Every structure is written in C-alpha cells, then in structure tokens.
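Heads up, the thing below is written out as structure tokens.
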Amino acid sequence: MDFSQLGHTAVIGLQWGDEGKGKIVDLLTQHFDVVVRYAGGANAGHTVKIGDESYALHLLPSGILRKSARNLVAPGVVVDLEILSGEIDGLRKRNIHVGDNLKISERAHLVMPWHKMQDKLAESSAGDAGKIGTTAKGIGPCYADKMLRTTALRVCDLEDAKRFRERVADIAKFKNQMFAALYQGADSIDADAVANDYLALAEKLKPHIADTTQILHERIDAGDRVLFEGAQGSMLDINHGTYPYVTSSACIAGGVCVGAGVAPSLLNSVVGVVKAYSTRVGSGPFPTEQNNDIGNRIRERGHEYGTTTGRPRRCGWFDAVAARHAIRLSGVTELCVMHLDTLGTFDEVRICTAYRRGNDTFKAFPSRADVLASVEPVFETLPGWSVDRPEVDSFEQLPVEARSYIERLEVILGVPITLVSIGPERTATLHRAAGVGASV
Ligand code: IMO
Ligand code: MG
C-alpha cells in the first residue's frame with residue numbers, strides 16, 4: 001500500500017469488529033491531516049502498540065497518538081462524557097498531548113447513565129437465550145432514544161444549564177417509571193446528581209466541544225487529507241449485519257457520509273480490514289466458529305479477549321462469504337489482512353467459500369439470523385506453516401504456505417491485499433505491491 005498516494009480514505013472493519021483497525025489507522029495517520037470517528041461509541045476498543053507501550057482507545061480517534069493529526073468525533077458518534085474524560089486523563093498521564101487537536105461534535109448524542117442501566121437490564125432480563133451480548137455501554141438505548149428524539153440529549157444541550165436540568169429531570173422521571181414497570185429491582189435515577197455530573201464534565205470538556213462538521217468542511221476545502229476511522233465491523237451493521245445480533249449504527253463505508261456529514265463522492269479509497277481468521281464477541285450466528293481445540297488455540301495465540309469488556313472472543317476460520325458481502329457493501333478498494341502470525345503452527349488452514357444447507361449450496365449472505373445459524377460452511381483447506389511467529393521484513397520472506405494462503409484469499413475476495421500484519425507492533429507490517437494476484 002502506498003499510503004502517501006491515498007486521498008480521503010475510510011478504514012472499515014469487514015467482519016464482526018476487532019479486526020485490527022486501530023493499528024491500520026495508526027499506520028496511516030502520519031499521511032493524513034485529520035482523523036474522524038463517525039459512528040459507534042465506547043463499545044469500540046482500538047488497540048495501538050507503539051514500542052513497548054500499548055494504548056486502548058474507545059472514543060478517541062486513534063490519530064490522537066500522532067502529534068500531527070487533528071482528531072474529530074463527529075455527529076454520528078454517541079458520546080459518553082465520563083469515558084471520554086477518563087480516556088483524555090489517561091492519555092495525558094502518559095504524556096500524550098490532548099488539546100486543540102481534539103474536537104467533539106456538539107451535534108453528537110450523549111450516552112446517559114440510564115442508557116447503560118437500560119442496556120444491562122434489557123440484557124439480563126432477556127436471559128442467555130435472548131440476549132444480544134452487548135458491551136453494556138448503553139449504545140443501543142442511546143441510539144434508540146436518538147431516533148425517538150423526545151428522550152434524547154445532545155452535546156449542545158449542555159450549553160444551557162437550566163434547560164439541561166429540566167430535560168434531565170423529565171427524561172429521568174420517564175425512565176424511572178419505565179424501569180420500575182419492566183424490570184425488578186432497578187435502581188432509581190437521581191436526576192439532580194446526573195445533571196450535576198454532566199454539567200461538571202461539560203465544563204471540563206468545553207475546549208473540545210465544537211461544530212466538527214464545519215471544521216471538517218473547512219479542512220477539506222483547505223486541501224487537508226481526511227482519514228475516517230471505522231468502528232465495529234460490517235457484519236455488526238444495523239442494516240446489513242446479522243440482525244438482531246448487531247450494533248445500533250451504520251458500520252459500513254456509507255456510515256461515513258451520514259455520521260461525519262460528507263458527500264459519498266468524497267471518499268477516494270476504502271481500506272477494508274480483516275483478520276486472517278474470524279472472531280465474534282456476544283451472541284449471534286457464526287458459521288465458521290470452531291468451538292473446539294482449534295478455536296481455543298486461535299484465541300490463545302491471538303490473545304482474543306475483548307479490549308472493551310475482557311470477554312473471550314469466539315474464534316473460527318476465515319469466512320469469505322461474509323467478507324465478500326462486506327467488500328461489496330463498502331466498495332473496498334484494498335485489503336489489510338491482520339494477525340497472519342496467529343495462524344502459524346497449524347497443520348492446515350481453512351477458508352469458507354460457500355454455505356451449504358441440506359442440498360442447497362449458496363454463496364449469497366442470508367438475511368435471516370436463524371438461516372445463517374443453520375448453514376454448514378464449505379471449506380477449502382490449505383497447508384499450514386510451521387513457523388511460529390515469522391520475524392521477517394518482507395512478504396516474500398514468509399513461508400511459502402503463508403504466502404499461498406494470502407494469495408488464495410486475494411483471488412477468492414477479488415480485491416488486492418496490500419498489507420499483511422504479523423504482530424501488533426508498527427514494525428510487524430508487510431507491504432505488498434497492489435493487485436498481485438487479484439485479477440487471476
Ligand atoms: P471495535 O471497534 C467487537 C458487538 C458486541 C455485541 C454487539 C452489540 O473494537 O471493532 P453493542 O454494545 O454495540 O450494542 O453490542 O456488537 N460489538 C463489537 N464487537 N468489536 C467492536 O468494536 C464492537 N462493538 C460492538 O460484542 O455482540
Ligand atoms: Mg473491539
């Protein structure tokens with residue numbers, strides 16, 4: 001990948017999240033002027049490793065770790081001020097500059113304490129069979145209130161303290177009634193305490209609150225290059241994912257336009273990020289899941305535990321049916337394959353190229369979660385490689401089987417794989433000339 005040649009670019013996860021988007025954004029930021037988070041909230045967990053230091057970012061764009069980048073949290077993000085403030089403090093303690101380089105949209109919606117309560121109450125009352133397995137960060141209830149409008153609050157609502165207190169009191173009263181009617185043992189919300197906490201946080205965060213849409217348009221007009229940092233993954237997209245086992249935002253490239261406020265024609269490149277295998281956290285169908293020694297081995301080798309919740313991730317082989325679907329949804333122009341090192345030492349590695357159900361084989365991605373849950377993956381099996389963690393600095397130096405795996409993936413997916421990651425560090429990154437086998 002020739003980073004310096006990319007125009008305005010979106011980095012999009014093509015699986016169920018946790019693909020390694022943080023590392024890619026971090027590698028790209030030195031070539032961009034502005035980094036934008038446009039969807040999701042603190043349910044995201046983007047890990048960036050710089051030397052011996054590891055940073056887990058939830059709400060802040062990963063560009064915050066590069067001195068040169070301007071970072072915007074756009075209207076489409078749902079902002080939890082408590083988490084945001086904690087994240088800023090944590091970075092400052094580690095001598096990362098957070099000042100004028102960070103702006104939060106006044107149009108963004110606020111995640112309120114009752115959203116987190118509602119998320120947890122709804123999940124626990126649904127029980128193991130019915131729950132979505134959310135991150136409990138209040139994301140779904142916040143987006144639901146945003147769509148409902150009358151029970152939502154935005155960052156700009158904090159400007160008028162008196163009105164904010166009134167709105168908090170009204171909404172808290174409504175939520176208290178709702179929780180008492182629906183859930184046993186729900187705590188009561190203290191509206192005054194909530195309003196006080198939020199107004200204090202707003203005072204602290206005031207220097208960062210701005211009209212990010214205006215800033216973004218001005219920077220684009222001035223010739224700045226913009227990187228849009230996707231959160232979650234395409235299979236978790238509210239419209240196109242494995243509904244209802246999805247998140248509540250648009251995770252595909254189209255989400256950039258609605259979330260950040262830019263035209264579809266602005267995007268020059270869409271960089272898709274996939275892991276060399278698949279993972280999923282929470283409930284929902286996962287055709288290539290290996291609920292066995294293979295899955296356990298992938299989890300341990302890849303440290304597949306949630307950055308946001310610490311939950312063990314479900315692991316399985318690469319699902320090319322889902323990935324092809326995601327590539328089309330976002331118009332992916334090039335691919336980064338992450339965690340190739342994790343697949344080392346397996347005797348053989350597998351790629352799911354189709355789904356089978358009874359006598360039917362299909363390559364399209366099913367709409368229904370129950371149908372997806374009932375399909376059998378059709379696997380193509382390739383030889384594995386014995387090298388545990390390859391310490392190489394070019395793609396050509398990888399074991400031949402590892403190269404063949406990537407080349408085969410590229411043919412199956414039909415998009416050039418221009419970057420392969422073999423470890424979390426910035427240096428463990430192998431670039432490939434664009435389009436090597438893609439047109440074969
Ligand atoms: P990043 O940006 C992985 C999953 C949750 C759950 C479903 C709904 O790190 O890739 P939510 O709390 O959003 O209502 O949960 O979506 N999920 C993620 N999984 N990575 C993420 O973000 C995720 N964000 C949400 O586990 O299954
Ligand atoms: Mg995550």
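Cys352 falls short on exactly one of the conditions (1) surrounded by fewer than 22 Cβ atoms within 10 Å (Cβ to Cβ); (2) within 21 Å of Val378 (Cα to Cα); (3) not aromatic (Phe, Trp, Tyr), and that condition is (1). Taking region 396-414 as the range and being open to solvent by less than 10 Å² (accessible area, probe 1.4 Å) and in contact with a strand residue (DSSP E or B) (Cβ under 8 Å, 6 or more places away or on another chain) as the test, the residues that pass are Leu398, Tyr405, Ile406, Leu409, Glu410.
If a residue must be more than 16 Å from Glu407 (Cβ to Cβ) and either part of a strand (DSSP E or B) or open to solvent by 60 Å² or more (accessible area, probe 1.4 Å) (or both), how many such residues does region 372-382 contain? Even if it seems obvious, please write down each step before you answer.
Applying the first criterion (more than 16 Å from Glu407 (Cβ to Cβ)) to region 372-382 yields 372-379.
Still in the running and either part of a strand (DSSP E or B) or open to solvent by 60 Å² or more (accessible area, probe 1.4 Å) (or both): 373, 376-379.
Here the count works out to 5.
Need the failing condition index for Lys204 against (1) closer than 17 Å to Val34 by Cβ; (2) in contact with a Ser or Thr (Cβ under 7 Å, 6 or more places away or on another chain); (3) open to solvent by 10 Å² or more (accessible area, probe 1.4 Å), just the number. Answer for Lys204: the failing condition is (1). Select from region 219-274 the residues that are charged (D, E, K, R) and either more than 16 Å from ligand 2 (Cβ to nearest atom) or assigned to a helix (DSSP H, G or I) (or both) and list them in ascending order. Arg219, Asp221, Asp224, Arg225, listed by residue number. Hey, does region 383-391 have a residue that's closer than 23 Å to Thr288 by Cβ, part of a strand (DSSP E or B) and open to solvent by 30 Å² or more (accessible area, probe 1.4 Å)? Yes, the conditions are met somewhere in region 383-391. Thr134 passes every criterion in (1) among the polar types (S, T, N, Q); (2) surrounded by fewer than 20 Cβ atoms within 10 Å (Cβ to Cβ); (3) in contact with a Gly (Cβ under 8 Å, 6 or more places away or on another chain) apart from (2). Just give me the residues in region 233-268 being of a type in the set (Ser, Thr, Tyr) and either open to solvent by less than 10 Å² (accessible area, probe 1.4 Å) or within 12 Å of ligand 1 (Cβ to nearest atom) (or both), in sequence order. Ser234, Thr242, Tyr243, Tyr245, Thr247, Ser248, Ser249, listed by residue number.
I'm trying to understand the selection: among the residues of region 137-160, which are over 14 Å from Pro244 (Cβ atoms) and open to solvent by 30 Å² or more (accessible area, probe 1.4 Å)? Let's see the steps before the verdict.
First, the residues of region 137-160 that are over 14 Å from Pro244 (Cβ atoms): 137-138, 141-142, 145-160.
Listed by number, the residues that qualify are Lys137, Lys146, Met147, Leu148, Arg149, Thr150, Arg154, Cys156, Asp157, Glu159, Asp160.
Take Ile83 and tell me if it is within 16 Å of ligand 1 (Cβ to nearest atom), modelled with pLDDT of 95 or more, more than 23 Å from Ala323 (Cα to Cα) and part of a helix (DSSP H, G or I). Considered against the rule, which asks whether it is within 16 Å of ligand 1 (Cβ to nearest atom), modelled with pLDDT of 95 or more, more than 23 Å from Ala323 (Cα to Cα) and part of a helix (DSSP H, G or I), Ile83 comes out as yes. Modelled with pLDDT of 95 or more and either open to solvent by 40 Å² or more (accessible area, probe 1.4 Å) or under 30 Å from Ala129 (Cα atoms) (or both), is that true of Glu334? Judged against the criteria, Glu334 is not a match.
Listed here are the residues, each with its yes/no results for (1) within 15 Å of Leu6 (Cβ to Cβ); (2) touching a residue at least 40 places away in the same chain (Cβ under 8 Å).
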{"position": "Leu27", "(1), (2)": "yes, yes"}
{"position": "Val34", "(1), (2)": "yes, yes"}
{"position": "Tyr38", "(1), (2)": "no, yes"}
{"position": "Gly41", "(1), (2)": "no, yes"}
{"position": "Val48", "(1), (2)": "no, no"}
{"position": "Asp52", "(1), (2)": "no, no"}
{"position": "Leu57", "(1), (2)": "no, no"}
{"position": "Pro61", "(1), (2)": "no, yes"}
{"position": "Leu65", "(1), (2)": "no, no"}
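Residues in region 77-110 that are under 17 Å from Val256 (Cβ atoms) and either free of Cβ contacts under 8 Å to residues at least 60 places away in the same chain or open to solvent by less than 10 Å² (accessible area, probe 1.4 Å) (or both): 4 in all. Please go through region 29-62 and pick out each residue that is β-branched (Val, Ile, Thr), open to solvent by less than 50 Å² (accessible area, probe 1.4 Å) and within 16 Å of ligand 2 (Cβ to nearest atom). Val48, the sole residue that qualifies. Under 7 Å between Cβ atoms, at least 6 apart or on separate chains: pull out the pairs that start in region 344-357 with a residue that is over 18 Å from Val420 (Cα atoms) and end on any residue that is of a type in the set (Asp, Glu) and open to solvent by less than 70 Å² (accessible area, probe 1.4 Å). If the second residue must be of a type in the set (Asp, Glu) and open to solvent by less than 70 Å² (accessible area, probe 1.4 Å), the pairs left are Cys352/Asp319; Thr353/Glu380.
I'd like the full set of residues that are in contact with a helix residue (DSSP H, G or I) (Cβ under 8 Å, 6 or more places away or on another chain) and more than 14 Å from ligand 1 (Cβ to nearest atom), limited to region 138-154.
Taking region 138-154 as the starting set, the residues that turn out to be in contact with a helix residue (DSSP H, G or I) (Cβ under 8 Å, 6 or more places away or on another chain) are 138-142, 145, 151-153.
Answer for region 138-154, where residues must be in contact with a helix residue (DSSP H, G or I) (Cβ under 8 Å, 6 or more places away or on another chain) and more than 14 Å from ligand 1 (Cβ to nearest atom): Thr151, Ala152, Leu153.
The values are calculated or read from the model by the stated rules, or taken from the named source; none is laboratory data. In this text the structure is predicted, and so the values were computed from the model without any measurement. For neighbour counting, all protein chains shown are included, and Cβ atoms are generated from backbone atoms with ideal geometry for every residue, glycine included. Note: areas computed on protein heavy atoms with side chains; ligands, DNA, RNA excluded. Shrake-Rupley method; radii C 1.70, N 1.55, O 1.52, S 1.80 Å.
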